[in-house]
Amino acid sequence: PYTFIRPTELHDVIQELGLGSLEKSTIYLEINSCPFTIRPPTFEDSCYAQELQASSGLPVRIHPDTMFGHLQELANAKYFIKTGGRRIRGNSILEAISAGVVVLLKAGDCYGNVNLPMESYFKDLDDLLERLRQLEAEPEFYGDLLSRQSEFARRTYFYALCQLSEAYNSHIHANHASRLRQWVLGILQVFKCSFLHYLKMTYNKLRSFF
């Protein structure tokens, strides 16, 4: 996955825009939990949507198919869950973490083997419901998982992107310095050749007098 947002940027944007409620209380399904042939996504066609809403006691929300609507849903979400559908690069996962939302998904849902803390993964619907019950019953567990997901994303992606940017800038500066050095050496070489040519001409003229 790739992202150009800071670890808490979406959380900060949500706060600045005054979106969402003070108490996060919804399950927000990742857009590809609904088959990509169905857009905008529908509740009925989203994997596990009806079962989750009936069994978890939490409202289940689907992607509204607009960026502002997406921010609003993240602002109210307590959980961001990818329940099925095609594999993704993982950008939406990092966005949810940046918004301060606990992410749950199946292993292998993302290309590139995104290795979130092991408690972030579930095997099937029953496993997912059990994980949600545990997170709801133990606020400390919820806070700890959210913190570890945030730290993982910061260290693995956000921080890595900063390092890549710094390395690129250093490379550019080094290339500029190298090119400047080559240019100066080239100019000096021209002057050197011209000066030697002048000395040679002067020497030949002097020899003609003797």
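Under 19 Å from a point placed 7 Å out from the Cα of Asn91 along the Cα-to-Cβ direction: which residues of segment 15-52 have their backbone N that close?
Only 29-41 pass the distance filter.
Hey, quick one: spin label on Glu138, modelled 7 Å out along Cα-Cβ, who in segment 98-122 has an amide N within reach, i.e. under 18 Å?
Backbone N within reach: 102-105, 117-122.
Tell me the net charge near Leu132. Cut-off is 12 Å between Cβ atoms, Leu132 excluded, with +1 for each Lys or Arg and -1 for each Asp or Glu.
Counting the neighbours of Leu132, the net charge comes to -4.
Considering only protein heavy atoms and a 1.4 Å probe, what is the carbon-and-sulfur percentage of the accessible area of segment 1-64?
Result for segment 1-64: 54 percent of the exposed heavy-atom area is carbon or sulfur.
Could you tally the net charge around Glu9, taking each other residue with its Cβ under 15 Å from the Cβ of Glu9, Lys/Arg +1 and Asp/Glu -1?
Within the 15 Å Cβ shell, the charges total -1.
Express in nm, to one decimal, how much length is gained between Arg155 and Asp126 on full extension, taking 0.36 nm for each residue of separation and deducting their alpha carbon distance.
The Arg155-Asp126 span can extend by a further 7.3 nm.
Report the local net charge at Ser98: Lys and Arg +1, Asp and Glu -1, summed over other residues whose C-beta lies under 11 Å from its C-beta.
-1
Roll a 1.4 Å probe over the protein heavy atoms and report the accessible area of Tyr157 in Å², nearest 10.
40 Å²
Output the relative contact order of segment 24-147, whole-number percent, from Cα pairs under 8 angstrom with separation of 6+ residues.
So the answer I get is 25 percent.
At 1.4 Å probe size, with every protein chain present, just tell me what the per residue accessible area of segment 18-93 comes to in Å².
Using a 1.4 Å probe on heavy atoms only, each residue of segment 18-93 averages 48 Å².
If you project the alpha carbons of segment 61-152 onto their three principal axes, what span does each projection cover, largest first, in Å?
33, 26, 26
From largest accessible area down, sort Glu119, Glu73; use a 1.4 Å probe on the protein chains.
Glu119, Glu73
Per residue of segment 52-60, in order, report the coupling 6.51 cos²θ - 1.76 cosθ + 1.60 (Karplus, θ = phi - 60°) as ³J(HN,Hα) in whole Hz, putting x for Gly and Pro.
With the stated coefficients, segment 52-60 comes to 5, 5, 6, 9, 8, x, 10, x, 9 Hz.
The values are calculated or read from the model by the stated rules, or taken from the named source; none is laboratory data. Keep in mind it's a predicted model, so treat the numbers as computed, not measured. Heads up, the Cβs are rebuilt from the backbone with ideal geometry, glycines too, and the neighbour counts pull from every protein chain shown. In case anyone asks, the SASA skips ligands and DNA or RNA and just uses the protein heavy atoms, side chains included. Shrake-Rupley method; radii C 1.70, N 1.55, O 1.52, S 1.80 Å.
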